[in-house]
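Here the structure is laid out as structure tokens; the discussion comes afterwards.
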Amino acid sequence: MYRLLADATAGVHFLFVAYLVVGGFLACRWRRTIWTHLAAVIWGFGTVLFDLTCPLTNLENWARRRAGEAGLPPSGFIDHYLTGVLYPRSALELVRVLVVLVVVTSWVLYLRFYRRRSAQVVR
């Protein structure tokens, strides 16, 4: 049961990271979700910038240990599942910059759509 919880937690964590990256584009379609995306970005970037431990990482570690497995390394979820797997470790800073650019681009598009919709309502 603990193994299932650990795997489910990892799945939710992957979804959170994906939402952090593309959530701004989703907000172009569903406008009110920009607030949840803003919260996700603040939390996600905060864990990187201030070396905060994510509660999902803590939950996965707890469940894995209860299942008799090793927990994630101290460097955390992204380092364990993504860095060195989806992209080389040497590209970590580039990937971080690209994530920031994707998020900023999504917000710029969101603002353009929002302004266009607002202008249409005023007419």
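The values are calculated or read from the model by the stated rules, or taken from the named source; none is laboratory data. Quantities reported herein were computed from a predicted structural model and do not represent experimental measurements. Don't worry about glycine lacking a Cβ; one is built from the backbone with ideal geometry, like all the others, and counts go over all protein chains shown. Please note that ligands, DNA and RNA were not included when accessible areas were found on the heavy atoms of the full protein model with its side chains. Shrake-Rupley method; radii C 1.70, N 1.55, O 1.52, S 1.80 Å.
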Residue set Arg89, Arg64, Arg29, Arg96; condition under 16 Å from Thr9 (Cβ atoms) and of a type in the set (Lys, Arg); output residue Arg64
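Just the residues that are in a helix (DSSP H, G or I) and open to solvent by 40 Å² or more (accessible area, probe 1.4 Å), please, taken from region 32-52. Write out each step before concluding.
Applying the first criterion (in a helix (DSSP H, G or I)) to region 32-52 yields 32-49.
Across region 32-52, the qualifying residues are Arg32, Thr33, Trp35, Thr36, Leu38, Ala39, Ile42, Trp43, Phe45, Val48, Leu49.
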All conditions in (1) free of Cβ contacts under 8 Å to residues at least 24 places away in the same chain; (2) farther than 27 Å from Arg117 by Cα; (3) out of contact with any Ser or Thr (no Cβ under 6 Å at 6 or more places or on another chain) are true of Thr33 except (2)
If you go through Thr57, Thr36, the only one that is of a type in the set (Val, Ile, Thr) and closer than 19 Å to Asp7 by Cα is Thr57
Does Thr9 meet the test of being among the polar types (S, T, N, Q), open to solvent by 50 Å² or more (accessible area, probe 1.4 Å) and either closer than 22 Å to Phe113 by Cα or in contact (Cβ under 8 Å) with a residue 12 or more places away in the chain (or both)? no
